[in-house]
Amino acid sequence: MNVTPETGTNFLRSIKNESQVATTKNYIMTTALEPTDKDFERMMQMLTGFFVTQIAGAVATYSIADHLAKGPATAEQISTMRA
């Protein structure tokens, strides 16, 4: 398959258009004065996603997986181990 500047541009344009359509569908705002169940669900998804990324970051920062590779340990035992 030959890729010319024109076909490359068309391909990039089609990707951009698809991503804009998906983004628009995912973030439609409502004008309801009271929060709905869907609003609550969306907020909980964002919060739990934040929690998961913070936990994963802490596990990586403190090398917890490396400490647990040596065998089971309590939180207190892990806190006294050196890297």
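Taken together, the values in this text are just the output of simple stated rules run on the coordinates, not laboratory data. Small disclaimer: the values here were computed from a predicted structure and weren't measured. A quick note on method: Cβ atoms are made from the backbone with ideal geometry, for glycine too, and the neighbour counts reach across all protein chains shown.
General remarks:
- Efficiency of FRET between Leu33 and Ile64 - r from beta-carbon atoms, R0 35 angstrom, step 0.05: 0.20
- Backbone geometry of region 48-53 corresponds, through the Karplus equation with coefficients 6.51, -1.76 and 1.60 at θ = phi - 60°, to 3J(HN,Hα) couplings of 5, x, 5, 4, 4, 5 Hz, x marking Gly and Pro.
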